[in-house]
1. For region B:37-70: of the residues being among the charged types (D, E, K, R) and facing chain A (nearest Cβ under 7 Å), which is nearest to residue B:163 (Cα to Cα)?
2. Considering each of A:331, A:400 in turn, give the residue that is modelled with pLDDT under 95 and not hydrophobic (A, V, I, L, M, F, W, C).
3. Go through region A:233-282 and report how many residues are β-branched (Val, Ile, Thr), more than 10 Å from every other protein chain (Cβ to nearest Cβ) and more than 30 Å from residue A:203 (Cα to Cα).
4. Within region A:401-425, count every residue that is part of a helix (DSSP H, G or I), without any contact (Cβ under 8 Å) to a residue 40 or more places away in the chain and more than 9 Å from chain B (Cβ to nearest Cβ).
5. Filter region B:121-134 down to the residues that are part of a strand (DSSP E or B) and either over 17 Å from the mean Cα position of the chain (by Cα) or more than 14 Å from every other protein chain (Cβ to nearest Cβ) (or both), then identify the one that is surrounded by the most Cβ atoms within 10 Å (Cβ to Cβ).
6. With respect to residue A:321, is the statement that it is under 30 Å from residue A:279 (Cβ atoms), under 19 Å from the mean Cα position of the chain (by Cα) and outside the structural domain of residue A:248 (by the TED database) true?
7. Could you look through region B:75-87, keep only residues that are facing another protein chain (nearest Cβ under 9 Å) and modelled with pLDDT under 95, and pick out the one that is farthest from the chain's Cα centre (by Cα)?
8. Out of region A:276-297, which residues are in a helix (DSSP H, G or I) and among the β-branched types (Val, Ile, Thr)?
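The values are calculated or read from the model by the stated rules, or taken from the named source; none is laboratory data. All values reported here derive from a predicted model rather than from experimental measurement. Quick reminder, even Gly has a Cβ in these numbers, built from the backbone with ideal geometry, and neighbours come from all protein chains shown.
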Amino acid sequence: MSQVNDFIFGTEGYQSLQHRPSLLRTLTGLRKSPMDNSHLTVDSQKVIGASYSHLDLGASDTQKRNSSPDSRSVHSNGSTKSPRPSLNLSKAKKLYDLSTKIDDDADWNDDIDDLATPSPQDPKPQFYPDISDLKLQESPMDRSTASMEPPLETQQLSEAQPAQFLRSDYERIMKDPFVILERTSNQSKYSKIVKALKNQPFDMAELRKQTWSGVPAALRPLVWQVLLGYLPVNSATRESVLRRKRKEYTNSMTQLFRAEKDQAVWHQISIDIPRTNPTIKLYSFESTQRSLEKVLYLWAVRHPASGYVQGINDLATPFYQIFLSAYLCDHVDMEAFNTNQLPQELINCIEADTYWCLTKVLDTIQDNYIHEQPGIIRQVSELRDLVKRDEPYLAEHFEHEGIDFIQFSFRWMNCMLMRELRMELIVRMWDTYLSSYPTGFNQFHVYVCCAFLRRFSEQLLEMDFQDIIMFLQDTSKTSDWTEADVEMMLSEAFVWQSLYENATAHFRT
Amino acid sequence: MSSNTATEHGQSAMRFAQFKLVLLGESAVGKSSIVHRFVKDSFTDSRESTIGAAFLTQTIQIDANTTVKFEIWDTAGQERYRSLASMYYRNAQAALVVFDITQESSLDKAKYWIKELQKQASSGIVIALVGNKLDLEEERKISKDEAQAFANELGLMYAEVSAKTGEKVKDCFKDIALKLPLEEKLSQQGQRRRRTVDLNQRPSTNEQQCAC
């Protein structure tokens, strides 16, 4: 580990790295959370690295911070912190502000006021209208594309015994996901995260620190919602807030489907749903497809500056399946689970939670999806700069071969590497991204992409244009990856980010 | 890849040329499926949407001693990615503008792309208007006459194919290859090779050399 210290703090550490690009790969000691390493911190409060620059904020007033519309501040932070001029940011910012003005942010603000005083008028037991009948009719236009699609799994199991696959306490979890803690709190591997969740007063920075190196599967549905500031930690208001968010979702959905459909948006979503995660059986079931369709359509209609853009469908799926997993018995194979057998009330909850959490993430990367996608252009350009500095031989080779970074990394940014890695690995990656929320998806991700590319430098240096492009777009290169590979990549990204921030801070003074 | 390289046959008259080809068209009309049928002779019902663009190559023999290699950029169809597409059609010598014969709006989109290509792409670009999903003849919404008439009017090639069954896919690419300015390309390649030798530069690694 002293090597790492030298890299980060030694005066010629950065220089030497430029000439020894592969050295970092050998630093296996970084597998654990870099946040555990006190020497990575300048003082006890602040942690080096853009993804943690917000930590000091978290400590003061978590509740308020969680509910605030972070997106705008994130955006301006991102642009002011960046030592390089960002592309077309003013235009993006304008569009961005426009979109945030007309989107859900107002809803989050409303909730801040409501957090402390749950409305007594909330109808308790029947907390949302039944939206099961809101299945949208396909227009004839939609149907013609259906022939391209794989056969839809519409088979419904008899409603006999839901207990076979649902946890006996699923209804309690639905009302309050913290019930999950009852079955995990005795196990030591969970203890630090559980402790962080139970801390009084709650300390978001501590939870982030404990979740950076991964979240056990059983806790994931709960932890992700807390990290995003969707699920309140405060037990006094938790249930009512959750109930309200879900009700709000179902109300919006009811309204939305009474209004005239936006055909163009609807058409694009309906042709993408059947080809979302086609290799995972869970996504072939009708109930799954209808849920995702609704979530994406509502988001698109509420965010007209971007609307629905291909790739957003991919981003909704980790939430959908992780939140679903909270209710399923341990023996159920979630990725093959037939969602047609779920009770409607539960489906509504999963949809609403997915919708709100997806919204939280998209808030931080919305300029990836607005006109001309300036967020992606910026990220690709940042990646190019990082590679030029960190892996100069590779950058030179790419230039010689006529490779443009956008040719291979556009998809990495647009889909957050979801097309490059298996779902189980993406889920692990998201633990870290979400623990770095709100900068995980828009800043840290670029460093992760750089680490991803560096993994293949040696092979790439031997290839010509055609082979490079085909190799980088081929997803089978990560088929033998395990969580350890992902963790190595995340750690490397963290070190590079720290290094980079440190180096530029040094230049500034 | 089923390539017949020049060297496998006699040295004397073998000719080899490569061309850039781009696929354009509305989302879900089957652009990627056509390419996969052509390149890998396979089809799947559940293909993920293309993000950005995908790159593939395929070599076909157009006569006993002429081989053409296509470098194919298969672009994403969604409206949002439209500004990216110019990057891919900029230097293309051929374009497949695809529509879905069962989807009325897709022909309008194809017309848009053709207009854009005629304005922005290199002047000699060979454009083929291609109706896909011929296997769904009973659901056809766009008549062959209508599309063909449009193509004729603009002097474009026209083909109807099925990526699913493979019908006419290879023929379509072969027809394009036959329309490409082969002689011109061969002489360019020859010139470039001579220049390379003259200037004593390192030979470009990604350029297939003609064996003649």
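1. If we filter region B:37-70 for residues that are among the charged types (D, E, K, R), which is where we start, we get B:37, B:40-41, B:45, B:47-48, B:63, B:69.
Filter again for facing chain A (nearest Cβ under 7 Å), leaving B:45, B:47-48.
Details: B:45: 10, B:47: 12, B:48: 15 Å.
Among those residues, the one meeting the criterion is B:45.
2. Working: A:400 fails: modelled with pLDDT under 95.
Result of the check over A:331, A:400: A:331.
3. Residues of region A:233-282 β-branched (Val, Ile, Thr): A:233, A:237, A:241, A:250, A:254, A:265, A:269, A:271, A:273, A:276, A:279-280.
Keeping just the survivors that are more than 10 Å from every other protein chain (Cβ to nearest Cβ) gives A:233, A:237, A:241, A:250, A:254, A:265, A:269, A:273, A:280.
So of that shortlist, the ones also more than 30 Å from residue A:203 (Cα to Cα) come out as A:250, A:254, A:265, A:269, A:273, A:280.
Within region A:233-282, residues that are β-branched (Val, Ile, Thr), more than 10 Å from every other protein chain (Cβ to nearest Cβ) and more than 30 Å from residue A:203 (Cα to Cα) number 6.
4. Taking region A:401-425 first, the residues part of a helix (DSSP H, G or I) are A:401, A:405-414, A:423-425.
Add one more test, that the residue is without any contact (Cβ under 8 Å) to a residue 40 or more places away in the chain, and what stays is A:405-406, A:410.
Those left that are additionally more than 9 Å from chain B (Cβ to nearest Cβ): A:405.
Residues flagged as part of a helix (DSSP H, G or I), without any contact (Cβ under 8 Å) to a residue 40 or more places away in the chain and more than 9 Å from chain B (Cβ to nearest Cβ) within region A:401-425 amount to 1.
5. Selected residue: B:130.
6. Values: under 30 Å from residue A:279 (Cβ atoms): yes; under 19 Å from the mean Cα position of the chain (by Cα): yes; outside the structural domain of residue A:248 (by the TED database): no.
Considered against the rule, which asks whether it is under 30 Å from residue A:279 (Cβ atoms), under 19 Å from the mean Cα position of the chain (by Cα) and outside the structural domain of residue A:248 (by the TED database), residue A:321 comes out as no.
7. First, the residues of region B:75-87 that are facing another protein chain (nearest Cβ under 9 Å): B:76-81, B:83-84, B:87.
Retained after the next criterion (residues that are modelled with pLDDT under 95): B:77-81, B:83-84, B:87.
Numbers: B:77: 16, B:78: 19, B:79: 21, B:80: 22, B:81: 19, B:83: 20, B:84: 18, B:87: 16 Å.
Ranking the candidates gives B:80 first.
8. Step one: of region A:276-297, the residues in a helix (DSSP H, G or I) are A:281-284, A:286-297.
Passing the criteria: A:288, A:295.
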